[in-house]
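Worksheet: the structure to be examined is printed underneath.
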2 protein chains.
Amino acid sequence: MPLISIIPNFHPKNDARLLERAEQLRPVLYRQIVQPEGGFILKERYSPDREEIRLQQLRELPFTKGQNLCLDFGTHIVGRVSLDFAFKGSHPDAPAFLKFKFAETLDELSENSAEYHGWISSGWIQEEYVHLDEIPTHLHLERRYAFRYLKITVLDTSPKYQLLVRHAECRTESSADWRRLEKRSYGDAELDRISETGLRTLANCMQEVYEDGPKRDRRLWTGDMRLQALVNASSFRNMDLTKRCLYLFAGSRFPDGRVAACVFTGKHTEADDTWLFDYALFFVDALEEYLSETGDDEALRDLYPIAREQLQYSLSLCGDDGLLKSESAADAFIDWTEGLDKAAAAQCVLIDSLGYGVRLAERCGDSVSAARWRSEQARLRKAAVKSFYRAEENKVISNGQFSVASQVWAVLADLVEGEQAVELMRSLADYDGPYGMMTPYAHHYYLMALLKCGLKAEALDHIRYYWGSMIRAGADTFFEAWDPKDPKASPYGGAIVNSCCHAWSCTPAYILYKYY
Amino acid sequence: MPLISIIPNFHPKNDARLLERAEQLRPVLYRQIVQPEGGFILKERYSPDREEIRLQQLRELPFTKGQNLCLDFGTHIVGRVSLDFAFKGSHPDAPAFLKFKFAETLDELSENSAEYHGWISSGWIQEEYVHLDEIPTHLHLERRYAFRYLKITVLDTSPKYQLLVRHAECRTESSADWRRLEKRSYGDAELDRISETGLRTLANCMQEVYEDGPKRDRRLWTGDMRLQALVNASSFRNMDLTKRCLYLFAGSRFPDGRVAACVFTGKHTEADDTWLFDYALFFVDALEEYLSETGDDEALRDLYPIAREQLQYSLSLCGDDGLLKSESAADAFIDWTEGLDKAAAAQCVLIDSLGYGVRLAERCGDSVSAARWRSEQARLRKAAVKSFYRAEENKVISNGQFSVASQVWAVLADLVEGEQAVELMRSLADYDGPYGMMTPYAHHYYLMALLKCGLKAEALDHIRYYWGSMIRAGADTFFEAWDPKDPKASPYGGAIVNSCCHAWSCTPAYILYKYY
């Protein structure tokens, strides 16, 4: 997820020991050589009926000024590309000037970067301009790309020669080891495909950290990591990657000890100057989920104090009335939904996290904290029910606003329970108002709320409807944002910067595995 | 010089022994670190009065989307550039996307590459697009550029940070060793400046071969080499470079033994499928000039047979009337002048070359060839006088056309001699017709004809007028093409592909040294 937060003169507090431990856990990257399955010529926008020309003899096809070749690598991959070029005609007397465009989807391939004026940096657009001074030549592109399609446009050669693309390959990178994966089938082609697509989405985001998206923003976010870790634990089981990411969040924090929403993990690890109320709490949840999988004493010892800090800090943001202060609720992410009131959902995230905190405290023998958080959880829940839940209508209303997110988090935090919760969740199926869900991330928590209510059939239907519709639209990996009713929508002002392999959308692979 | 000749299925004849010798002679490249002297911000087109802002504190100046910084390296240089970037603001959350434009002149800096639609490959335009994935970073650009100015345009950063250009440097490359150069002064600031500019032009073209221009086309041409070798012999005296280039021309030729106008000298040496009548003969002249400097027996033994072949081939193109056949004359270059009739000039180039051939044959003890070429020279000169020279008007007319080139070559080939030649050369000073000279290359032979006639003052005046006007227009090195009356002209449809450091323009440094 991208977010713009700017704190002038922000200097994160780094803990060398924790960062050193994270460094020791840097994963091996598994690599495979993938070659394109074929190619086609793109005329303006992609249209399978009229403009596609499948090429049998790519190697012998000469290209000259203005022509293009689109290579199709068969599915979404992440890695580094090498190409071999030769020429036809006279000895090249001028450099060939090429444009490369890497695209995750056919829509992205058809976008014109010059027409992009959205708010996310155009630096993310996967385009390169390259001169070939000597031909024949082997060209290795050092940068990593996330793509299925590679469009090569010959901006110029010279009248004396034409360019041949002799060979292309991508050396993929991922810290997911597909050999570790158990074969799984749900006896249903669509569900199998959804599971496989979720796993590919996760694997392509599993790099040296859990990246949110391998195209954009390539960053480690707590909220995304929590979901990735869940799916990883049920599939590739690279538990050290989860541990590494937890240590990275712990190792570079806000000066006052808060866990940042995001940590930059390049040459120097550095917390982003972005703090999100809910994302900081997901550090607590993710630590507890990691420990329940591994029982890792070292991680418990090193990281529990930091989890405790997050809960204590969040509790300090609540008033005597047991309600989270409104400015802190506004610091929660919850979902991209425009105008979403976050008071109820943010309070519920804290209530839910206190449960994780209690389990962590018990694991650590910290009975004082466990008791305090149990009591705080009850106090906050009571205040939330009083403030947000309208029993007569069986609805959660946050500062006058009805939203899907508020209902979902109210169910997850046990504000609404039993038959009321079932009824409430069922009622959401037909919701068509302005405060629905924008992202697969929000849809994940919606599924978790359905499952909490035992609505397994409804959850499965929703997986087929929502994630299935991405596959029906041609997805090789699941997207960052998706509205089945408006497939061309981009939250960023242009599909060219959309992230079409985004980890927070991969959870059906976990849900299907765990619940079906 | 660029030229488009295409011979389908052309396979040059390579001589492994000669090419191996050329390889052994590959020169050391001398390198220097050059840093920019300052910078300025470019608004649309360069204007010294209004838009230049000299920057004292480049290192601290933050750049964001759409802004640019032009670095001025003080004079024309050839080499590879490294830059250090840092940031201001929050930790970069997106790649910086930059455009680099290297320009030899301020005119080139102001040109818009999107508006270039000329016939020379736009692959020569010195522009790059670069993403910085990590900042701070050290960026090394692998390609070699010829430039004085580097414009860095920040296409995008992100709202979270601004870019700082902390350091820039160029590691220059040249096979000219400035330490070998004797200090020279003509007691005249303008002439000293012209000489120095000629030497810089030569040095920047002296790479692993004599390149015609280090920006474009970076190629070894016989006609250009001959002039470069003359200047080099009178200055840097890297005689092995001349020898290497002669061996390269000898080592890869047309299948029938002809010396190509140009040889590609990248990974594999390969003659271009371009043959020019006069350029092939300049191999003979250049060999003789090299031997007169060095007395190199090995080169004489290896290369004389090839020089002999060129003369014999050229003679075979003449008819019984002693005149070069018209289709062969059309294969001469002479100059870029549009519509130039080349019959007289081409015939004169051959007559002149036969003189060089005679001296080579004598050096080799090949008295048979020496005698034959002396006799052929007389026969061809006689036919030329009869066919082209109008004694009553003291003019050379080539198929009805009066051109400067025809007069110049007639004087150089002794078609016109003594007082007639002096008078003819004097008459050219006022020539303003359609068949004047287009290039410094043609102006060189004009100077040689003046000097042959003893017109030293006129030659000096012409150097001041023609080469001096380039300097007055801001030249740091001399240009490929130059018309003092139309400084903005480009023979290629856009100044952005002009070569403003072009070796065939460097000869005043030799002429001043040798004659003044």
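The values are calculated or read from the model by the stated rules, or taken from the named source; none is laboratory data. Small disclaimer: the values here were computed from a predicted structure and weren't measured. For neighbour counting, all protein chains shown are included, and Cβ atoms are generated from backbone atoms with ideal geometry for every residue, glycine included. Protein only, heavy atoms only, side chains kept; ligands, DNA and RNA dropped before computing areas. Shrake-Rupley method; radii C 1.70, N 1.55, O 1.52, S 1.80 Å.
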Enumeration of residues in the stretch A:130-163 that are of a type in the set (F, W, Y) and under 22 Å from A:D107 (Cβ atoms) | A:Y145, A:F147, A:Y149
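Out of curiosity, is A:F87 in a strand (DSSP E or B), within 14 Å of chain B (Cβ to nearest Cβ) and open to solvent by less than 40 Å² (accessible area, probe 1.4 Å)? Talk me through it step by step, then tell me what you get.
Working: in a strand (DSSP E or B): yes; within 14 Å of chain B (Cβ to nearest Cβ): yes; open to solvent by less than 40 Å² (accessible area, probe 1.4 Å): no.
No: the conditions fail for A:F87.
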Would you check if A:S406 is assigned to a helix (DSSP H, G or I), on the phi < 0 side of the Ramachandran plot and over 26 Å from the mean Cα position of the chain (by Cα)?
-> no
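Considering only residues that are open to solvent by less than 10 Å² (accessible area, probe 1.4 Å), farther than 16 Å from B:P508 by Cα and either more than 9 Å from the chain's Cα centre (by Cα) or of a type in the set (D, E) (or both), which ones fall in the stretch B:194-216?
B:M206, B:Q207, B:V209, B:D212, B:K215, B:R216
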Can you give me the number of residues within the stretch A:169-193 that are open to solvent by less than 40 Å² (accessible area, probe 1.4 Å) and in a helix (DSSP H, G or I)?
-> 1
Checklist (1) facing another protein chain (nearest Cβ under 8 Å); (2) touching a helix residue (DSSP H, G or I) at 6+ places or on another chain (Cβ under 9 Å) applied to A:Y149, failing item = (1)
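Looking only at helices (runs of 4 or more DSSP H) that fall completely inside the stretch B:219-296, which ones have 2 or more residues that are at pLDDT 95 or above, surrounded by fewer than 23 Cβ atoms within 10 Å (Cβ to Cβ) and more than 14 Å from chain A (Cβ to nearest Cβ)? Let's see the steps before the verdict.
On the way: elements: B:222-233, B:239-251, B:277-294.
Counting at least 2 such residues, we get B:239-251, B:277-294.
Each row is one residue, and each column tells you yes or no for (1) touching a helix residue (DSSP H, G or I) at 6+ places or on another chain (Cβ under 9 Å); (2) aliphatic (A, V, I, L, M).
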site	(1), (2)
A:E393	no, no
A:N399	yes, no
A:L428	yes, yes
A:D432	no, no
A:L450	yes, yes
A:R464	yes, no
A:G474	yes, no
Mind checking which residues of the stretch A:161-186 are aliphatic (A, V, I, L, M) and within 30 Å of A:F97 (Cα to Cα)?
-> A:L163, A:L164, A:V165, A:A168
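For the stretch A:321-353, enumerate the residues that are among the acidic types (D, E), open to solvent by 10 Å² or more (accessible area, probe 1.4 Å) and in a loop (DSSP other than H, G, I, E, B). If you could, list the steps in order and put the result at the bottom.
The first filter runs over the stretch A:321-353 and keeps only residues among the acidic types (D, E), leaving A:321, A:327, A:331, A:335, A:338, A:341, A:352.
Adding the requirement that they be open to solvent by 10 Å² or more (accessible area, probe 1.4 Å) leaves A:321, A:327, A:331, A:338, A:341, A:352.
A:D321, A:D331, A:E338, A:D341 - these are the residues of the stretch A:321-353 that are among the acidic types (D, E), open to solvent by 10 Å² or more (accessible area, probe 1.4 Å) and in a loop (DSSP other than H, G, I, E, B).
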Of all helices (runs of 4 or more DSSP H) completely enclosed by the stretch B:420-491, which ones contain at least 2 residues that are open to solvent by 60 Å² or more (accessible area, probe 1.4 Å)?
-> B:456-462
Test each condition in (1) touching a Ser or Thr at 6+ places or on another chain (Cβ under 8 Å); (2) open to solvent by less than 20 Å² (accessible area, probe 1.4 Å) for A:L155 and report the one that comes out false.
-> (2)
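Quick check on this structure: which one of A:D133, A:D156, A:D107, A:D93 is touching a helix residue (DSSP H, G or I) at 6+ places or on another chain (Cβ under 6 Å), among the charged types (D, E, K, R) and at the interface with chain B (Cβ under 8 Å from one of its Cβ atoms)?
Values: A:D133 fails: touching a helix residue (DSSP H, G or I) at 6+ places or on another chain (Cβ under 6 Å); A:D107 fails: at the interface with chain B (Cβ under 8 Å from one of its Cβ atoms); A:D93 fails: touching a helix residue (DSSP H, G or I) at 6+ places or on another chain (Cβ under 6 Å).
Being touching a helix residue (DSSP H, G or I) at 6+ places or on another chain (Cβ under 6 Å), among the charged types (D, E, K, R) and at the interface with chain B (Cβ under 8 Å from one of its Cβ atoms) holds for just one of A:D133, A:D156, A:D107, A:D93, which is A:D156.
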Failed condition for A:E182, given (1) of a type outside the set (S, T, Y); (2) at pLDDT 95 or above; (3) farther than 21 Å from A:G74 by Cα = (2)
Of the residues in the stretch B:159-206 that are closer than 30 Å to A:D273 by Cα and touching an Asp or Glu at 6+ places or on another chain (Cβ under 6 Å), the one that is farthest from the other protein chains (Cβ to nearest Cβ) is B:H167
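Rundown of residues vs (1) under 21 Å from the mean Cα position of the chain (by Cα); (2) more than 29 Å from A:H138 (Cβ to Cβ); (3) in contact (Cβ under 8 Å) with a residue 60 or more places away in the chain, yes/no style:
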position: B:S234; (1), (2), (3): yes, yes, yes
position: B:K243; (1), (2), (3): yes, yes, yes
position: B:G251; (1), (2), (3): no, no, yes
position: B:A280; (1), (2), (3): yes, yes, no
position: B:F283; (1), (2), (3): yes, yes, yes
position: B:L287; (1), (2), (3): yes, yes, yes
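Taking the stretch B:383-400 only, how many residues are assigned to a loop (DSSP other than H, G, I, E, B) and under 30 Å from the mean Cα position of the chain (by Cα)? Outline the logic, then answer.
If we filter the stretch B:383-400 for residues that are assigned to a loop (DSSP other than H, G, I, E, B), which is where we start, we get B:391-394, B:397, B:399-400.
Filter once more, keeping what is under 30 Å from the mean Cα position of the chain (by Cα): B:397, B:399.
Matching residues across the stretch B:383-400 total 2.
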Consider A:F478 against the criteria (1) farther than 30 Å from A:Y145 by Cβ; (2) touching a Phe, Trp or Tyr at 6+ places or on another chain (Cβ under 9 Å); (3) among the aromatic types (F, W, Y): it satisfies all of them except one. Which criterion is unmet?
-> (1)
When both residues are 6+ apart or on different chains and their Cβ atoms are under 6 Å apart, which pairs have a first residue that lies in the stretch B:469-493 and is without any contact (Cβ under 8 Å) to a residue 40 or more places away in the chain, and a second that is among the acidic types (D, E)?
-> B:A489/B:D483
Out of A:L428, A:L380, A:L415, sole residue that is among the hydrophobic types (A, V, I, L, M, F, W, C), under 25 Å from the mean Cα position of the chain (by Cα) and within 28 Å of A:E338 (Cβ to Cβ) = A:L428
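Results for (1) within 27 Å of B:A481 (Cβ to Cβ); (2) in contact (Cβ under 8 Å) with a residue 12 or more places away in the chain, shown as yes or no for each residue.
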| site | (1), (2) |
| --- | --- |
| B:D331 | yes, yes |
| B:A346 | yes, yes |
| B:L354 | no, yes |
| B:V358 | no, yes |
| B:G365 | no, no |
| B:V368 | no, no |
| B:R381 | no, yes |
Given (1) open to solvent by less than 60 Å² (accessible area, probe 1.4 Å); (2) among the basic types (K, R); (3) in contact with a helix residue (DSSP H, G or I) (Cβ under 8 Å, 6 or more places away or on another chain), where does B:R166 come up short, assuming only one miss?
-> (1)
How many residues are over 21 Å from the mean Cα position of the chain (by Cα) and on the phi > 0 side of the Ramachandran plot if we restrict to the stretch A:323-368?
-> 2
